[in-house]
Structures are given as structure tokens and as C-alpha cells.
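One structure is given here, and the rest of the page talks about it.
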Amino acid sequence: MPQGRKPLDLRNFAVATAGFAAFVNLYSPQALLPELAREFHVGAGEISSLMTAGTAAIAISAPFTGALADVVGRKRLISGAMFAVAIPTMIITLMGSVPDMTFWRFVQGLLLPPIFTVTVAYIGDEWPPKDVARVAGLYVSGASIGGFSGRFIPGILADLIGWRSAIQVVGLITLAAAVIVTLTLPRESKFVRSDGLLSSLIQMLRHFRDRRLVATFAVGFGVLFNFIATFTYISFHLAAPPYLFSPTLLGLLFVTYLVSSPLMPWSGRAIAMFGRRRFVLGIIFLWIIGALLLLAAPIVVILIGLTLCAVCGMFCQTISTSYVTMTAKEGRSSAVGLYACIFYIGGSAGAFLTGLAWNSAGWNGCVALIVAMQIVIAAIVAAAWD
């Protein structure tokens, strides 16, 4: 490897690892929800509060994290938060009730925005504009592997050593990732500090004047709404008769996430070839097809549908994330923080509203809600993106 390329390679690895660490924690309960519902004698809607608490906490803290990062810098927040988030992860395994677990999931969620919102801002600062989509793709690839691992590892280990020990393993993985990022992510070199926290907060509010940013925030809302809706309630669908999937098999469903990982760095080339709006509209069309395939009975068809949902959703996330960093010329962290806030409000809404759809109309109702949100995303992109 040429000597001159080593720092760039280390930065690539570091931002991917940061994405991995954030999402391995966020999604660690998801494959375990049916088992936890049985152990604590609660329904699907109540146990899904474990997902809602994490995403709601992120939505609350992300904008302020972004504003703070525009004042104090990038790396110290990223690495510090990665060490800190392992603490509530471990504490969750000691809890004996759903409300107690939900509280610590909320604390865990508060600590995640300093990892991923600041990492995305770091990418926008430190790489040339022509490389931002590619590096954002690497970050999303790491995040997708983290999302897969957060579901797969606990799902597999729960059958072997119990769900509490499985979550403890996630905590140890997080500590290892924190060490890696601390050692491999260079201090920011192109960061422009805001005048102060109040100035940064005012600057954050100015982002709402930008039509393209507001539209991108709305796209982010819909993207996580659909991810949470799809990958939370498919677990309940397949844990019920006639499928009766175990936690291990439910964890294996998230292998579909891995398909997207090698594809995301190509998003920049796809945008150059087709144009951002045209490419994303085509992706959403395929995403709708994937969601409709989830209504089929054969497992093979369901897996194809999940794969399409994972890949198309990740492309939308990669492109919208990079679009935020390219559109916001000042206060990138606060712009990314606002995006994350609305993104995770969408995740909370996806968990809550799809739970209502599940209770009233079963899996068919969930899919109908998912497709409706995909159509809304397509309309926003067609109207507001260039």
C-alpha cells in the first residue's frame, strides 16, 4: 500500500467502525422482542417500547449534539460517546422489568447521536465534495453491518447463553470499537468552529429556511419509519404460526442487511450516471415491490422482499445523508443533528403506528402502512430534490 494513502484508509475504517458501533447498540433488542415479550408477559406493542425509547431519545438529543459539536469539535465527542454508550448497554442486562429496560434504552439512545451525527459531519468537513457520497456510503455500510450484527449476534447467542449474556457481548464489542476509533480517527483538520453554543443553535434554526434540507429531513423520517416498521414487525409475523421462528432464525433474517454493504460506496457513481432524483425514485419503486413481496407466504419470497427493502432503504439513507452534508454550507453538525432528530422521530413513529396497524389489521395492515410511507417519500423527492 502506498505510504501516502494510509491515513485516508484509516479514516475510512474509522468512520465505518463508528457507524457500526452506533447501530449494533440501537438494534440489539430487535431480534429478541418476541422472546422478551414471552418472558415478561407483555404484548408486541408494549415490548416494542424498547425500540421506541431508543429512537425517541436520539430524536431529542441529536439536534443539541449537532450544535454542541459545531462548537467543541468532532473526534472528542465521537470517541467519548462510544465508550459511554457501553455503560447503559451493560446495565440493561441487569434489569427485571420492561419499564426499567425501557429507561436504560432511553439513556442509551441519548448517547448515540454524538457518534453518528458527528461522524457524518466529520465526513462533510474532511473529504472533498466529490468524495462525500462515497465516504458516506462507507459509513452507511459500517452502519448496516452494525444493524445486522445488533440483530444477528444477540439472536444467535440468546439461544446459546441467554439474552442477557448476548447483550453483554454487544457491550464488549462496543468497547472494542471505541478503542479502534480512538486510535485510527485523526483529529479534525478542516473544522470551522461556531462562535458559541447560542450562535450554533440559531444557525440550526436557519436550516429550516432551506427547502432542500427540509425535504431531506422528511425523506429521512420516512426511511427510518419503514425500516423500523418492516424489521420489527416481520419478527412477530415470522415468530407466529405457521413459521414459528426461534430467536436464532429471526437473527438470521438480518443477513439481508449485509447485501447492501458492498453496494453503498457506489452510490456516488450511480448519482453521477442517473441523477440524484431519478436514481432515488427508481430505488423507491423497487422498495415498494420489496414491501409487497412480504405479503407472500413462501419464506424464499419473503427473504427476497426483505433484501430489496434493506438495499433500497440503505441507498435512500446514504444519498439523503450525503445530501444534507453537501447542502448545508455552514453548521454541518447541527444540520446533520436535525436530520437525525427527524430521522429518529420517524423511527419512533414507525414502531408506534405500525404497532397499531398490527393490532388492528395484522401483518397486512403493517405492509399497507409501509407502502403508503414509501409513496410519500417518492412524492417529496419528485417535488423538492434536484
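Looking only at residues in the range 35-45 that are part of a helix (DSSP H, G or I) and either at pLDDT 85 or above or among the β-branched types (V, I, T) (or both), which one is most open to solvent (accessible area, probe 1.4 Å)? The extreme case among them is R38. Exactly one residue out of V280, V259 is buried (at least 24 other Cβ atoms within 10 Å of the Cβ), part of a helix (DSSP H, G or I) and within 20 Å of the chain's Cα centre (by Cα): that is V280. Just one of the listed residues (A69, A21, A31) is at pLDDT 85 or above, open to solvent by less than 10 Å² (accessible area, probe 1.4 Å) and assigned to a helix (DSSP H, G or I), namely A21.
Checked against the criteria, L160 counts as surrounded by fewer than 21 Cβ atoms within 10 Å (Cβ to Cβ), within 17 Å of L36 (Cα to Cα) and among the aliphatic types (A, V, I, L, M). The C-beta contact set for the range 130-142 (first residue part of a helix (DSSP H, G or I), second residue acidic (D, E) and surrounded by fewer than 24 Cβ atoms within 10 Å (Cβ to Cβ), distance under 9 angstrom, 6+ apart or interchain) comprises V135/E126. Within the range 103-150, which residues are basic (K, R) and open to solvent by 10 Å² or more (accessible area, probe 1.4 Å)? Scanning the range 103-150 gives K130, R134.
Residues that are buried (at least 20 other Cβ atoms within 10 Å of the Cβ) and of a type in the set (F, W, Y) within the range 202-228 comprise F217, F221, F225, F227, listed in sequence order.
Contact map, the range 271-282: first residue within 10 Å of F315 (Cβ to Cβ), second residue among the aromatic types (F, W, Y) and not in a helix (DSSP H, G or I), Cβ cut-off under 9 Å, separation 6 or more or different chains; pairs are V280/W385. When residues in the range 174-184 are screened for being of a type in the set (A, V, I, L, M) and either surrounded by 21 or more Cβ atoms within 10 Å (Cβ to Cβ) or at positive phi (or both), 3 of them pass. Considering (1) under 30 Å from E46 (Cβ atoms); (2) crowded, with 24+ Cβ neighbours inside 10 Å, the lone condition that A239 does not fulfil carries the number (2). When L250 is tested against (1) at pLDDT below 85; (2) open to solvent by 30 Å² or more (accessible area, probe 1.4 Å); (3) part of a helix (DSSP H, G or I); (4) not polar (S, T, N, Q), just one condition goes unmet, and that condition is (2).
The values are calculated or read from the model by the stated rules, or taken from the named source; none is laboratory data. The model shown is predicted, which means the values in this text are computed figures rather than measured ones. Using ideal geometry, Cβ is built from the backbone for each residue, glycine included, and neighbour counts are taken over all protein chains shown. We work out accessible area using only protein heavy atoms, side chains counted, and drop any ligands, DNA or RNA first. Shrake-Rupley method; radii C 1.70, N 1.55, O 1.52, S 1.80 Å.
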